[in-house]
Amino acid sequence: MDFERELSFRFPLDRGEDVRAVQLALTVLQTTPPCGIADGIYGNATKLAVAGFQRSQGLFDDGVVSQKTWTSLFTNTKDKQVPEPAINRVSSALASQKDMPLSQAQGLRVHQWLTANFGPAIQTAIEGTRVDAALVSAIVCKETANVWLGWISKMSPGQILARCVFDGSGDVPGTSRSAFPQNTAAFRARYGDALTDMLIAEANATRRLRGYNDKQWVYKGYGPFQYDLQHIDKTPDFFKNRQWGSMTACLDRFMSVMTDKLNQAQALHEAVRMYNGSGTRAQTYADQVMEMRGWF
């Protein structure tokens with residue numbers, strides 16, 4: 001990654017993947033004092049860790065990542081041998097940018113739309129947690145906003161939420177699904193025709209809006225955060241009563257899942273990865289979400 005801007009502890013806080021790359025490098029180098037969580041936010045702990053690194057290199061220890069400090073930091077990481085891919089992410093933290101679901105300008109439009117229409121609900125949901133409004137927007141950008149961003153000028157917020165029924169995997173040719181329901185037939189066998197047909201109708205309403213033909217498929221993702229149909233056994237009302245059309249209900253489900261992941265993971269980035277799953281795709285998901293979080 002090339003040096004793009006000077007980074008420092010100031011307000012508003014510097015955010016972004018370049019900040020996270022610095023934090024990962026500081027972690028790999030085991031600086032004193034330690035950097036803390038690589039969350040892409042240039043806070044006081046990052047400033048102190050940068051200053052510690054600068055002292056170790058005979059640099060002016062102002063805690064500011066200038067071109068000189070940046071070059072020294074990443075030159076020192078090149079020879080480090082670490083067993084996990086952290087150092088690779090340091091040198092290529094923006095490698096996934098070409099696959100981002102939205103541009104930064106589009107992401108800012110999504111964030112502004114969410115704040116204007118659901119700001120109080122979001123603040124209530126995240127109060128007292130490690131989740132911030134920027135992360136909420138980033139998850140929405142990654143999950144669904146690339147589809148509905150073009151609808152905001154012609155549909156109400158409630159209409160947009162109601163049409164956030166996406167992802168027909170399991171029935172789509174060439175795909176498979178391990179979690180229940182593996183496909184529409186499996187769902188129909190357990191939950192009967194009425195609920196199955198209702199969910200098919202909801203999926204087709206969205207398909208028609210997107211210019212697709214109807215299919216006899218139950219979709220798996222509901223609401224702006226794409227709450228998964230596999231959870232129907234423990235939260236049946238969310239699906240049976242079409243609660244994905246309510247941002248309050250969607251935030252409640254999102255925060256329930258994310259809080260569980262945060263309780264399992266020390267770092268926010270790791271919790272976001274776990275929110276999506278495991279493996280390379282989940283790692284890319286987390287990298288992109290954390291990068292987008294730095295936009296807001």
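Take the conditions under 20 Å from THR144 (Cβ atoms) and either of a type in the set (D, E, K, R) or modelled with pLDDT under 95 (or both) and apply them to ARG208. Does it pass? Criteria met by ARG208. The residues of segment 108-128 include none that are over 20 Å from ARG253 (Cα atoms) and outside any helix (DSSP H, G or I). When PHE254, PHE238, PHE296 are screened for being of a type in the set (Phe, Trp, Tyr), open to solvent by less than 10 Å² (accessible area, probe 1.4 Å) and closer than 29 Å to GLY16 by Cβ, only PHE254 passes.
When residues in segment 179-191 are screened for being in a helix (DSSP H, G or I) and either on the phi > 0 side of the Ramachandran plot or among the hydrophobic types (A, V, I, L, M, F, W, C) (or both), 4 of them pass. Only helices (runs of 4 or more DSSP H) whose full extent lies in segment 232-296 are considered here, and the ones with at least 3 residues that are under 17 Å from ILE122 (Cβ atoms) and of a type in the set (Ser, Thr, Tyr) are 247-264. Against the criterion of being more than 23 Å from the chain's Cα centre (by Cα) and of a type outside the set (S, T, N, Q), GLY174 qualifies. Residues of segment 210-221 that are farther than 17 Å from LYS240 by Cα and surrounded by 15 or more Cβ atoms within 10 Å (Cβ to Cβ): LYS215 alone. Can you confirm whether segment 39-58 contains a residue that is surrounded by fewer than 18 Cβ atoms within 10 Å (Cβ to Cβ), touching a helix residue (DSSP H, G or I) at 6+ places or on another chain (Cβ under 8 Å) and under 22 Å from ARG130 (Cα atoms)? Among the residues of segment 39-58, not one is surrounded by fewer than 18 Cβ atoms within 10 Å (Cβ to Cβ), touching a helix residue (DSSP H, G or I) at 6+ places or on another chain (Cβ under 8 Å) and under 22 Å from ARG130 (Cα atoms), which makes the answer no.
Would you confirm whether any residue within segment 129-138 is in a helix (DSSP H, G or I), open to solvent by 30 Å² or more (accessible area, probe 1.4 Å), out of contact with any Gly (no Cβ under 9 Å at 6 or more places or on another chain) and polar (S, T, N, Q)? Taking every residue of segment 129-138 in turn, none turns out to be in a helix (DSSP H, G or I), open to solvent by 30 Å² or more (accessible area, probe 1.4 Å), out of contact with any Gly (no Cβ under 9 Å at 6 or more places or on another chain) and polar (S, T, N, Q). Considering only residues that are charged (D, E, K, R) and part of a helix (DSSP H, G or I), look in segment 14-32 and name the one that is surrounded by the most Cβ atoms within 10 Å (Cβ to Cβ). My answer is ARG20.
Here's the yes/no breakdown for (1) of a type outside the set (Gly, Ala, Ser); (2) touching a strand residue (DSSP E or B) at 6+ places or on another chain (Cβ under 8 Å); (3) not in a helix (DSSP H, G or I):
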residue	(1), (2), (3)
VAL172	yes, no, yes
ARG177	yes, no, yes
ASP193	yes, no, no
ASP197	yes, no, no
ALA203	no, yes, no
ARG208	yes, no, no
TRP217	yes, no, yes
PRO224	yes, no, yes
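If the condition is being surrounded by fewer than 18 Cβ atoms within 10 Å (Cβ to Cβ) and either at pLDDT below 95 or closer than 27 Å to ALA145 by Cβ (or both), then segment 184-205 contributes MET198, ALA201, ALA205.
The values are calculated or read from the model by the stated rules, or taken from the named source; none is laboratory data. Everything quoted here is computed from the prediction, not taken from an experiment. Glycine gets a Cβ as well: all are built from the backbone with ideal geometry, and neighbour counts include every protein chain shown. Keep in mind that these areas ignore ligands, DNA and RNA; they rest on the heavy atoms of the full protein, side chains included. Shrake-Rupley method; radii C 1.70, N 1.55, O 1.52, S 1.80 Å.
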